[in-house]
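Q: The structure is given below, and queries will be raised subsequently.
The values are calculated or read from the model by the stated rules, or taken from the named source; none is laboratory data. The model shown is predicted, which means the values in this text are computed figures rather than measured ones. Here Cβ is always computed from backbone atoms with ideal geometry, including for glycine, and neighbour counts include all displayed protein chains. The area values use the complete protein model at the heavy-atom level, side chains included, leaving out ligands, DNA and RNA. Shrake-Rupley method; radii C 1.70, N 1.55, O 1.52, S 1.80 Å.
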Amino acid sequence: MIIYNVTINIDKSAHEEWLQWMLQKHIPDMLATKKFSEAKMCKVLVEEDMGGITYSVQYRTKDRPTLEAYYRDDAPKMRSEGMAKFADKFVAFRTELEIVSEQNS
């Protein structure tokens with residue numbers, strides 16, 4: 001399993017609109033690509049020096065070829081929608097995580 005993690009810092013002036021867009025449009029659209037089995041959105045509790053509010057959105061996918069298919073087939077459109085709506089109001093960076101072990105109590 002692979003986690004595609006997107007960390008976003010959103011300006012406070014756009015926060016509420018962005019949050020609703022993420023929850024009602026962007027994350028459902030990401031899942032609709034059928035490349036991800038689930039999404040988890042977390043608010044980062046540490047305040048950034050740059051201000052704004054930071055979130056981590058984690059999308060789970062079964063393997064690297066599926067993630068590569070997302071990059072090829074869907075990522076340009078998905079990223080451009082966010083840029084068109086919130087161009088100068090956010091910064092984002094992406095990381096790929098490989099799940100080594102999962103444990104539950």
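Q: Looking only at D74, D49, D63, which one moves most when the chain is put into a Gaussian network model with springs between Cα atoms under 10 Å?
A: Among D74, D49, D63, the largest GNM mean-square fluctuation belongs to D49.
Q: Tell me, what is the 1.4 Å probe accessible area of L45, in Å² to the nearest 10?
A: 150
Q: State, as an integer percentage, the relative contact order of the chain based on alpha-carbon contacts under 8 Å between residues 6 or more apart. Please report the intermediate quantities before stating the final value.
A: Details: 139 pairs, mean separation 49.3, N = 105.
Rounded, it is 47 percent for the chain.
Q: Just the accessible area for M41, please: 1.4 Å probe, Å², rounded to the nearest 10?
A: Accessible surface of M41 is approximately 50 Å².
Q: How tilted is helix 64-73 with respect to the longest principal axis of the chain? Cα atoms for both, answer in degrees (0 to 90, nearest 10).
A: In the chain, helix 64-73 runs at an angle near 50 degrees to the longest axis.
Q: Return one whole number: the accessible area per residue of the chain in Å², for a 1.4 Å probe. Walk me through the numbers before you get to the answer.
A: Values: 6770 Å² over 105 residues.
Roughly 65 Å² per residue, with all protein chains present.
Q: Further question on the same structure: For the chain, what is the charge dipole size about the Cα centre, in debye to the nearest 20, if Lys and Arg each add +1 at the Cβ and Asp and Glu each add -1 at the Cβ?
A: 340
Q: I've got another one for you. What pairs in K12/K34; K43/K89; K12/K35; K40/K77 have C-alpha atoms more than 24 Å from each other?
A: K12/K34; K12/K35
Q: Right, here's the next one. Enter the angle in degrees (range 0 to 90, nearest 10) between the Cα long axis of helix 75-86 and the first principal axis of the Cα atoms of the chain, meaning the one along which they spread out most.
A: 20
Q: Now for a separate question. Using a 1.4 angstrom probe on heavy atoms only, work out the carbon and sulfur share of the accessible area of the chain in %.
A: On the way: 3480 of 6770 Å².
Carbon plus sulfur share of accessible area: 51 percent.
Q: Still on this structure, please answer the following. Is the chain best put as rounded, prolate or oblate by its Cα gyration tensor, with a ≥ b ≥ c the root eigenvalues, rounded for a/c under 1.5, and otherwise prolate when a/b is larger than b/c, oblate when not?
A: Values: a/c = 1.99, a/b = 1.32, b/c = 1.51.
Oblate shape, in that a/c is at least 1.5 and b/c is the bigger or equal ratio.
Q: Pick out, in residue order, every one of the GluC sites (Glu not before Pro) in the stretch 64-105 that is DSSP loop and has at most 12 other C-beta atoms within 10 Å; say none if there are none.
A: Working: sites: E68, E81, E96, E98, E102; in loops: E102.
Counting only loop positions with at most 12 other Cβ atoms within 10 Å, the GluC sites (Glu not before Pro) in the stretch 64-105 are E102.
Q: What shape does the stretch 1-62 take by its C-alpha gyration tensor, where a ≥ b ≥ c are the square roots of the eigenvalues and a/c under 1.5 counts as rounded, a/b above b/c as prolate, and the rest as oblate?
A: Details: a/c = 3.44, a/b = 1.61, b/c = 2.14.
Oblate.
Q: Going by the alpha-carbon gyration tensor, a ≥ b ≥ c the square roots of its eigenvalues, is the stretch 60-105 rounded (a/c under 1.5) or, if a/c is not under 1.5, prolate (a/b greater than b/c) versus oblate? Mind dumping the intermediate values first?
A: Numbers: a/c = 3.42, a/b = 1.70, b/c = 2.02.
Cα axes put the stretch 60-105 in the oblate bin.
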